[in-house]
Amino acid sequence: MSRMHQETALSRCPNCEEPLESGDLFCGACGYDLSVVPAPPEDRPTVAITVPVTGAPATGAQGTGAPVAGPGGHTAAASGSVEWSAASAADRSEPSGPAGPPAGVRFDRPGGSGDFELAAPAAPAAPDPRTTGAAPEQERTAGTRLCVACRAGHVDTDGYCENCGHAQPRERDHMEQELGSVAAVSDRGLRHHRNEDSFAVSTTALPDSSPAVVAIVCDGVSSASRPDEASAAAATAANEALLKSLPRGAHPQQAMHDAIVAAAESVNALAHDDGRAMEHDPHHHTNAPACTLVGAISAGGLLVVGWVGDSRVYWVPDDRTHPPARLTEDDSWAAQMVAAGLMNEAEAYADERAHAITGWLGADAYELEPHTASFKPDRPGLVVVCTDGLWNYAESAAEMAAAVPADAHERPLHGARVLVGHALDGGGHDNVTVALLPFAVPSPGAGSA
């Protein structure tokens, strides 16, 4: 299926909803200055499409070290220690295609779905951290805040500038978190009007008291309704599920699988919010909230990854003389074309349909089959968990490794900031989110695997 090109102009005024003509610089009804409205992204935001492809299934991701226990090849210790028996290969559940004709493509509809309206934040937000220069003295006065756009008008309690009407940055425009040895940064980017990505990082302990570190990254599907809510719900649900199952002794790979299922259920629940029974409404799933998910767990000497969609995990050894690797395979049109032997990678990713995803979390997704894989690295390294807002600017494992600062394993928050900056310097066409999880090889006798 071909993909429609996004409109290049707003169809309605973001201030008063008055219809606009192509090329308008100001709203004819309220005089709103349309030049302050961010331009639509020139890249292809995440959209959902299902394309049936005949041929070989997707190839496995490259890993480091030996693959170990799959969900069916482990036993969880009742208490005291973790006993995970090894399996012959990592589990890779491949998505099954639809039995009938391909589903319709979701398209972005600026002005139609409301996705590109400049809505006020729920509460007054801090000035955009990307804005450079010291704030004027009067901006720091209690009870006043200057507009980040015109730098002259004061911001009202609804989050709009009283002078130019510009909506102020929201809290989610730029988020950072560092928790022990794991850190994540998410940024709206330079072209999108809001941040539809979300993340969760956490640490917990296994039954033998050894640490487990978790990083979850979600990317809202731009063509769906409420993609920002979908990504936040998925990240929170997956993280909470892992914090419950890992301390109980669940195998990390099984725990990741179950966490993705929990995340999918949380996104599905958003489609019920209007109170209608979906089974009685065949159109209820249309444009349902949706997102992708990718996650990583470091526990008991294992590195476990799980995903649905086109967000990725990369492995970057601390010793850069060893090769890096990508540990996930995209659920995307391009990946299906390459796997089926219909195109080479260069041809597939040059196509305008390349980033159309074939797997996602949402009420209108086909039967959920989470991908999981387990690795046992034999050397320390850095796990990079990211959305396509980053890997679009560092697609190969070698390019990603080159963008990662040499000291990122010691300063993961700094490293995540540098990688977000790399995407912004490259154009920042999409929301960008990255979590960095340093992986240390356990010393002999520390835990069991």
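Annotations
- Yes/no for Gly309 being at positive phi, within 22 Å of the chain's Cα centre (by Cα) and modelled with pLDDT of 95 or more: yes
- Verdict on Arg379 being without any contact (Cβ under 8 Å) to a residue 40 or more places away in the chain and either among the charged types (D, E, K, R) or in contact with a strand residue (DSSP E or B) (Cβ under 6 Å, 6 or more places away or on another chain) (or both): no
- Listed by first and then second residue, the pairs with beta-carbon distance under 6 Å, at least 6 apart or on different chains, first residue in segment 345-371 and within 19 Å of Ala262 (Cβ to Cβ), second acidic (Asp, Glu), are Gly359/Asp331.
- Selection from segment 386-405 of residues that are part of a loop (DSSP other than H, G, I, E, B), of a type in the set (A, V, I, L, M) and more than 20 Å from Ala350 (Cβ to Cβ): Val404
- If you go through segment 379-433 and keep only what is among the β-branched types (Val, Ile, Thr) and surrounded by fewer than 21 Cβ atoms within 10 Å (Cβ to Cβ), you end up with just Val418.
- Subset of segment 196-230 that is β-branched (Val, Ile, Thr), in contact (Cβ under 8 Å) with a residue 40 or more places away in the chain and not in a loop (DSSP other than H, G, I, E, B) - its residue that is farthest from Trp360 (Cα to Cα): Thr204
- Which listed residue, of Ala205, Ala224, Ala237, Ala230, is at pLDDT below 95 and of a type in the set (A, V, I, L, M): Ala224
- Filter pass, Arg326 being surrounded by 18 or more Cβ atoms within 10 Å (Cβ to Cβ) and either closer than 30 Å to Asp407 by Cα or β-branched (Val, Ile, Thr) (or both): yes
- Of all the residues in segment 409-443, those that are under 19 Å from Arg379 (Cα atoms) and either part of a strand (DSSP E or B) or free of Cβ contacts under 8 Å to residues at least 40 places away in the same chain (or both) number 7.
- For segment 336-343, the count of residues that are out of contact with any Ser or Thr (no Cβ under 7 Å at 6 or more places or on another chain), in the same structural domain as Ala233 (by TED's automatic domain parsing) and surrounded by 19 or more Cβ atoms within 10 Å (Cβ to Cβ) is nonzero.
- Restricting Trp333, Trp307, Trp360 to residues that are among the hydrophobic types (A, V, I, L, M, F, W, C), touching a strand residue (DSSP E or B) at 6+ places or on another chain (Cβ under 9 Å), buried (at least 21 other Cβ atoms within 10 Å of the Cβ) and farther than 28 Å from Thr203 by Cα narrows the list to Trp333.
- Residues of segment 382-408 that are within 17 Å of the chain's Cα centre (by Cα) and in contact (Cβ under 8 Å) with a residue 60 or more places away in the chain: Val383, Val384, Val385, Cys386, Thr387, Asp388, Gly389, Trp391, Asn392, Met400.
The values are calculated or read from the model by the stated rules, or taken from the named source; none is laboratory data. Computed from a predicted model, the values in this text were never measured in an experiment. No Cβ is skipped: glycine too gets one built from the backbone with ideal geometry, and neighbour counts run over all protein chains shown.
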